[in-house]
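See structure below.
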Amino acid sequence: MSGGSESDDCVTANGRVHIPEVRNEETPAVGMQFDSLDIVYNFYNRYAFLADFGIRLHSNFWGKNKKEILRKEFVCCKQGAYGKDETRERKGQRGISRCNCKAKIVVVKTNGSKKYTISLFAEGHNHKITPSERMHLLRSHRRISDSTKVLTRQLGLVNIPINQKVSIFEVQSRGMDKIGFIKKDIYNLECSVNGKLRNNDVELVTEYFMAEQKNKMRLFISRLREIDNRFSRCFWAEATSRRAYGFYGDVVVFDTTFNTNRYDLTFAPMLGVNNHSQTIVLACAFFEQGND
């Protein structure tokens, strides 16, 4: 939401309630029925996008068996209010983001019904609408498309940093307000992906080296060591490097000055010099600091 004081963010012109103007077919109405809560959310979020505000999930009421929700509220993102201890001045404060807005919809599922029905629709807002150029900052309207996720992974493979990835998406979409997400969303995506891979890193590395060993019969791999479900030591040398060691192995430099930032492992290439005074790689290793 835009920065400013509480009066700037949470009071409409002349203190009046703001009623969004949206086409009837896009506007919620009491009695509308939906097959699932996800469909309800998407419908109300679409309405919120057209009406220039964001939404979030609110209270639930579960059935006796605790297996299904019988009542659900979807509210404006400015619903609720902070307590006195939560509104203290902070450095770089972006303004008050909660001002007890009453706009919301309530859906219920009656006994024996398979559909959710809108039982309450409050459309008035006690704050200014969000400018269109800032709508992409609202959490409910931020999305990373599948194609963007694929491109993010591909850019990561060639070590493109996140800030440059976002710049690429901005140019591709012709504006930061058109990419549909913010830099923090890319950080969260990569943390999620890395978290899933981290639990299987030993298996992934082993599978990769086994596949390479089949293609390159003389690829040498030391035993992978696993600690706390992640590998802590790994050594490998390709056939070309092993052959080069036979010719140029008189002097070998074991460089341990490289430290990776994802697994806190030291990368240690073993380097030599060929007859053209060129640096060549003889072998490589990963290991944790302190390992014997």
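Details
- Scoring D250 on the criteria (1) modelled with pLDDT of 75 or more; (2) in contact with a strand residue (DSSP E or B) (Cβ under 7 Å, 6 or more places away or on another chain) leaves a single failure, condition (2).
- Test: F235 is modelled with pLDDT of 75 or more and either surrounded by 13 or more Cβ atoms within 10 Å (Cβ to Cβ) or outside the structural domain of I280 (by TED's automatic domain parsing) (or both): yes
- Taken as a whole, the condition of being over 27 Å from L137 (Cα atoms) and of a type in the set (A, V, I, L, M) does not apply to L37.
- The stretch 117-140 residues that are in contact (Cβ under 8 Å) with a residue 24 or more places away in the chain, paired with ones that are buried (at least 18 other Cβ atoms within 10 Å of the Cβ) and among the β-branched types (V, I, T) (beta carbon under 6 Å, 6 or more apart): I118/I105; I118/V107; S119/V106; L120/V106; F121/I105; S140/I55
- From the options S140, S147, S167, S173, residue that is buried (at least 16 other Cβ atoms within 10 Å of the Cβ) and either out of contact with any strand residue (DSSP E or B) (no Cβ under 9 Å at 6 or more places or on another chain) or within 18 Å of V75 (Cβ to Cβ) (or both): S140
- Within the stretch 167-201, the only residue that satisfies the criterion of being at pLDDT 75 or above and on the phi > 0 side of the Ramachandran plot is R174.
The values are calculated or read from the model by the stated rules, or taken from the named source; none is laboratory data. Just so it is clear, the model here is predicted, and its values are computed rather than measured. So basically every Cβ, Gly included, is an ideal-geometry build from the backbone, and we count neighbours across all protein chains shown.
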